[in-house]
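Participant: Pasting in a structure now, in structure tokens, and then I'll have a few things to ask.
The values are calculated or read from the model by the stated rules, or taken from the named source; none is laboratory data. Only a predicted model underlies this, so the values are computations on that prediction, with no experimental measurement involved. So basically every Cβ, Gly included, is an ideal-geometry build from the backbone, and we count neighbours across all protein chains shown. Protein only, heavy atoms only, side chains kept; ligands, DNA and RNA dropped before computing areas. Shrake-Rupley method; radii C 1.70, N 1.55, O 1.52, S 1.80 Å.
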Amino acid sequence: MGNQIEDLLQPFQRFGINLGLKRIKNLLALLDNPQEKVPIIHVAGTNGKGSVCAYLSSILTASGYKTGRYTSPHLVNWTERICLNEKPIEEDILITILEKIRSVINPNDPECPTQFEVITAAAWLFFANSEVDVAVMEVGLGGRLDATNVCDRSLASIITSISREHWQRLGDTLSKIATEKAGVIKEKCPAVVGNLPEEAVEVVKNRAEELNAPTIWVKSAQKLSPNQAEYEGVNYPLALAGDIQLQNSAIAIATIKILQEKGWQIPTSAIEEGMKNTRWRGRIEWVKWQQRDLLIDGAHNVASAKVLRQYVDTLHKPTTWVMGMLNTKDHEGIFKQLLRPEDQLHLVPVPDHSTAEPEELAILAKTIQPQLKQVQTYGDLYTALDSVTNNQETATTSIVLCGSLYLLGYFLGKLR
């Protein structure tokens, strides 16, 4: 059935990424505007969006609310993007919804929707049909012109973080990127904002004031123990690894407090249960491969690479990197964050995507960090992993697979 979903979505891939709200609004109008029937929490930001969505949907589900969650990209299957009460949409239901959407689209229309707009419309339709109490909606790219940004009101608009990514489409300064992300803020609706660079703070602050949107600027939670944190009097377990989760979890708790003030019944026990049960694949996650512990993480931009390096430093071991990156990413910035003297680096292509060439990455890596113990290139991921896991020289190192969520998806698809 996964192939059937791919077949239904594939024709829209040729329209690529094309920001704008006209096409998605036209499409939703043909579907009787399902987005108007769905109360939402809207989550934008450079990094941390997925974790915050995972925390929120887990807590709200634990509180007994019928909770939708829409995130992107998926790692293995399209159904991962659209969840109800923490469970992915069933494949046959998604197929039925996609067939309905395709039936109202004129493929010859010059304003034909993009693939992302089609799958986003499917999420809106599924959540409306399911009569969810709330949908946690993750922005795909930017915010202002993203296909998720079609509602006039939100229960809360969240901006988790802002750093330089997708500058080719969002703008080449933090100020321009912040302008796009601040586009999710709605008039008189609460905004929850994480730790932003000063240049971005000014933009978001001005936008919130302009719209009279009450704003909470969230400070990181306090770490009580390796797996326990406290924010504003709420103690909770941390199921996701890395100190960045002190910020992400605090953003989620601050949002939950807003809902509580609006009368939502979210007891402390549900917060604790929801936080404890939160899962978010491919972000500082340990898995087993060939009897070896393998750390996997997307780390596809400079900010997330910095977070990964901070976590790796707590392991107090030399690091063996297995990496592949898209050709659109800031390779130099990512390498500068990750690579240290005596690290080993094994470079692979990202299958079925616009990959950076491993040989070119190898030249760049040696320039940035001349004291790497080893730099090797491979034609595919599994040759690299076999070489690394069977090598005595890596026995006392931490093996980390990173650089692209698409690469992790390829890996996890075979791991099942």
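Participant: Would you pick out the residues in segment 39-59 that are of a type outside the set (D, E, K, R) and part of a helix (DSSP H, G or I)?
Facilitator: G50, S51, V52, C53, A54, Y55, L56, S57, S58, I59
Participant: Need pairs with beta-carbon distance below 6 Å; first residue in contact (Cβ under 8 Å) with a residue 12 or more places away in the chain and within segment 358-386, second surrounded by 13 or more Cβ atoms within 10 Å (Cβ to Cβ) and polar (S, T, N, Q); sequence gap 6+ or separate chains.
Facilitator: P358/T377; E359/T377; A362/T377; K373/Q344; Q374/Q344
Participant: Could you pull out the residue among E131, E180, E202 that is without any contact (Cβ under 8 Å) to a residue 40 or more places away in the chain, open to solvent by 40 Å² or more (accessible area, probe 1.4 Å) and of a type in the set (D, E)?
Facilitator: Numbers: E131 fails: without any contact (Cβ under 8 Å) to a residue 40 or more places away in the chain; E180 fails: open to solvent by 40 Å² or more (accessible area, probe 1.4 Å).
One residue alone meets the criteria, E202.
Participant: So which residues in segment 244-282 are over 17 Å from the mean Cα position of the chain (by Cα), assigned to a loop (DSSP other than H, G, I, E, B) and in contact (Cβ under 8 Å) with a residue 40 or more places away in the chain, if there are any at all?
Facilitator: K262, W264, Q265, I266, P267
Participant: Which residues, counting only those in segment 60-119, are among the polar types (S, T, N, Q), part of a loop (DSSP other than H, G, I, E, B), open to solvent by 10 Å² or more (accessible area, probe 1.4 Å) and in contact (Cβ under 8 Å) with a residue 24 or more places away in the chain?
Facilitator: Scanning segment 60-119 gives S63, S72, N77, N85.
Participant: For segment 283-390, which helices (runs of 4 or more DSSP H) that fit wholly inside it have 3 or more residues that are of a type in the set (A, V, I, L, M) and surrounded by 19 or more Cβ atoms within 10 Å (Cβ to Cβ)?
Facilitator: 302-313, 381-389
Participant: If you take the residues in segment 391-416 that are part of a loop (DSSP other than H, G, I, E, B) and not β-branched (V, I, T), which one is farthest from K336 (Cα to Cα)?
Facilitator: Selected residue: R416.
Participant: Sticking with this one: Being open to solvent by 20 Å² or more (accessible area, probe 1.4 Å) and within 26 Å of N301 (Cα to Cα) is the filter here; which residues of segment 391-416 pass it?
Facilitator: L405, Y406, Y410, G413, K414, L415
Participant: Out of all the residues in segment 218-231, is one or more under 30 Å from V76 (Cα atoms) and open to solvent by less than 40 Å² (accessible area, probe 1.4 Å)?
Facilitator: no
Participant: Please tell me if S157 is among the small types (G, A, S) and surrounded by fewer than 21 Cβ atoms within 10 Å (Cβ to Cβ).
Facilitator: Taking the combined requirement at face value, the residue does not satisfy it.
Participant: Residue check, A239 against (1) of a type in the set (A, V, I, L, M); (2) over 22 Å from the mean Cα position of the chain (by Cα); (3) in a loop (DSSP other than H, G, I, E, B), all met but one. Which one?
Facilitator: Failing condition for A239: (2).
Participant: Can you report the number of residues in segment 2-19 which are outside any helix (DSSP H, G or I) and surrounded by 14 or more Cβ atoms within 10 Å (Cβ to Cβ)?
Facilitator: Selection size over segment 2-19: 2.
Participant: Are any of the residues in segment 100-112 modelled with pLDDT of 95 or more and over 20 Å from N3 (Cα atoms)?
Facilitator: Yes, segment 100-112 contains a residue that is modelled with pLDDT of 95 or more and over 20 Å from N3 (Cα atoms).
Participant: Within 16 Å of the chain's Cα centre (by Cα), under 20 Å from V218 (Cα atoms) and modelled with pLDDT of 95 or more: is that true of S304 in this structure?
Facilitator: In short, no.
Participant: Take segment 134-152 and flag every residue that is more than 22 Å from I256 (Cα to Cα) and either open to solvent by less than 20 Å² (accessible area, probe 1.4 Å) or among the hydrophobic types (A, V, I, L, M, F, W, C) (or both).
Facilitator: Narrowing segment 134-152 to residues more than 22 Å from I256 (Cα to Cα): 140-142, 144-147, 150.
If the condition is that a residue be more than 22 Å from I256 (Cα to Cα) and either open to solvent by less than 20 Å² (accessible area, probe 1.4 Å) or among the hydrophobic types (A, V, I, L, M, F, W, C) (or both), then L141, G142, L145, D146, A147, V150 are the ones that fit.
Participant: I need the full set of residues from segment 398-416 which are under 15 Å from R309 (Cβ atoms) and of a type in the set (S, T, Y), in order please.
Facilitator: The one that is under 15 Å from R309 (Cβ atoms) and of a type in the set (S, T, Y): S398.
Participant: Now for a separate question. In segment 243-264, which residues are open to solvent by 20 Å² or more (accessible area, probe 1.4 Å) and either more than 19 Å from G50 (Cα to Cα) or out of contact with any strand residue (DSSP E or B) (no Cβ under 8 Å at 6 or more places or on another chain) (or both)?
Facilitator: Result: I244, K257, Q260, E261, K262, G263, W264.
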